[in-house]
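> I have a structure I would like to understand better, so I am pasting it below and will then ask my questions one at a time.
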Amino acid sequence: MQQEGGQETMTQEIILETKNLTKEFKGFTAVSDVNLRVRRGSIHALIGPNGAGKTTCFNLLTKFLEPTTGTILFNGIDITREKPAQIARRGVIRSFQISAVFPHLSVRENVRIGLQRQLGTAFQFWRSERSLDVLDARAMALLDEVGLTEFAETTTVNLPYGRKRALEIATTLAMEPELMLLDEPTQGMGHEDVDRVTQLIKKVSAGRTILMVEHNMNVVSSIADKITVLQRGAILAEGPYAEVSKDPRVMEAYMGTADAELQGAH
């Protein structure tokens, strides 16, 4: 009996699972037999050299691509054939997929749009101003969470690049994700912005689950609980950073640069 209970607990701890997930494009296998298990409440990083299949994997999970074979389970429910909108309603939200931040609206208005989307298509724009005031209060709370309170009335196009990423995270949070998928959240940033966004991800991960694709090893080493390394679409290694970074196969996969990269050099 005890064993059964333990098994049930383990199942409840896994928020997202893939079984033999495979995607082929005209004879080329982009994702090959991937068995991924993302633990509830963790930050899980997906890394690998260019062309390893990370983005394809993300596209399969958010249903922008259909798998050739394999199964995707979210909270134990088979979501393999569901559409992107259904997945989003379940609480699987991919940042930068929904951000499409509106450049000529204020930062606060952008977050409010995220909140309106979360309310669904039934939201009536002619509702009393009071209901919009409620959204404003929530929008400001989200901006506070991501450190953008002082930029609330700034026109989004004028935001510095790193702050735009913080805004994208705020609009993702507005959708009330149970699982956040972050696609290269620090790409193209300078050191200062990288540090700020890394700390932000760590902060917003409290009580949430995050699966992220990230190239920057400093980011991965400092916040990821578990790392899955992909190579040629297949899982090469998996585990905590300290373990994965010493794996000779992982170092080889990064073709000599890994030794430096994986030891935290930039």
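> Is one or more of the residues making up the stretch 165-186 in contact with a strand residue (DSSP E or B) (Cβ under 9 Å, 6 or more places away or on another chain), over 23 Å from R39 (Cβ atoms), touching a residue at least 12 places away in the same chain (Cβ under 8 Å) and of a type in the set (V, I, T)?
No; the residues of the stretch 165-186 include none that is in contact with a strand residue (DSSP E or B) (Cβ under 9 Å, 6 or more places away or on another chain), over 23 Å from R39 (Cβ atoms), touching a residue at least 12 places away in the same chain (Cβ under 8 Å) and of a type in the set (V, I, T).
> Okay, moving on. Within the set of pairs 6 or more residues apart or between chains, which connect a residue that is modelled with pLDDT under 90 inside the stretch 42-67 to a residue that is assigned to a loop (DSSP other than H, G, I, E, B) and of a type in the set (K, R) with Cβ atoms less than 8 Å apart?
From the stretch 42-67, the pairs are G51/R232.
> Which numbered condition trips up K202, out of (1) charged (D, E, K, R); (2) more than 16 Å from the chain's Cα centre (by Cα); (3) within 30 Å of R138 (Cα to Cα); (4) modelled with pLDDT of 95 or more?
(2)
> Then there's this: Which of the residues belonging to the stretch 30-60 are touching a helix residue (DSSP H, G or I) at 6+ places or on another chain (Cβ under 8 Å) and either of a type in the set (D, E, K, R) or not in a loop (DSSP other than H, G, I, E, B) (or both)?
A30, V31, V34, R39, R40, I43, A45, L46, I47
> Given the condition touching a Phe, Trp or Tyr at 6+ places or on another chain (Cβ under 8 Å) and either modelled with pLDDT of 95 or more or more than 20 Å from V107 (Cβ to Cβ) (or both), answer yes or no: does some residue in the stretch 153-174 qualify?
no
> Determine which member of the set V157, V220 is in contact (Cβ under 8 Å) with a residue 40 or more places away in the chain, part of a helix (DSSP H, G or I) and more than 21 Å from the chain's Cα centre (by Cα).
V157
> Continuing with the same structure: Does T186 qualify as being within 13 Å of the chain's Cα centre (by Cα) and in a loop (DSSP other than H, G, I, E, B)?
Yes.
> Given the condition part of a helix (DSSP H, G or I) and touching a residue at least 40 places away in the same chain (Cβ under 8 Å), answer yes or no: does some residue in the stretch 231-244 qualify?
No, the stretch 231-244 contains no residue that is part of a helix (DSSP H, G or I) and touching a residue at least 40 places away in the same chain (Cβ under 8 Å).
> Filter the stretch 61-81 down to the residues that are over 17 Å from the mean Cα position of the chain (by Cα), in a loop (DSSP other than H, G, I, E, B), closer than 16 Å to L179 by Cα and not β-branched (V, I, T) and list them by number.
Within the stretch 61-81, just G76 meets the criteria.
> Answer yes or no as to whether R249 is basic (K, R) and within 20 Å of G147 (Cβ to Cβ).
no
> So, one more: Being touching a strand residue (DSSP E or B) at 6+ places or on another chain (Cβ under 6 Å) and farther than 20 Å from K226 by Cα is the filter; apply it to the stretch 16-31 and report the residue that is surrounded by the most Cβ atoms within 10 Å (Cβ to Cβ).
Taking the candidates together, the pick is K23.
> Residue check: is T209 closer than 30 Å to K23 by Cβ, over 13 Å from the mean Cα position of the chain (by Cα), buried (at least 20 other Cβ atoms within 10 Å of the Cβ) and at pLDDT 95 or above?
Spelling it out, it is not the case that T209 is closer than 30 Å to K23 by Cβ, over 13 Å from the mean Cα position of the chain (by Cα), buried (at least 20 other Cβ atoms within 10 Å of the Cβ) and at pLDDT 95 or above.
> So in the stretch 195-217, with the set limited to residues that are aliphatic (A, V, I, L, M) and touching a residue at least 40 places away in the same chain (Cβ under 8 Å), which one is nearest to T29 (Cα to Cα)?
V213
The values are calculated or read from the model by the stated rules, or taken from the named source; none is laboratory data. What you see is a predicted model, and the numbers here were worked out from it, not measured in a lab. All Cβ positions, glycine included, derive from the backbone under ideal geometry; neighbour counts span all protein chains shown.
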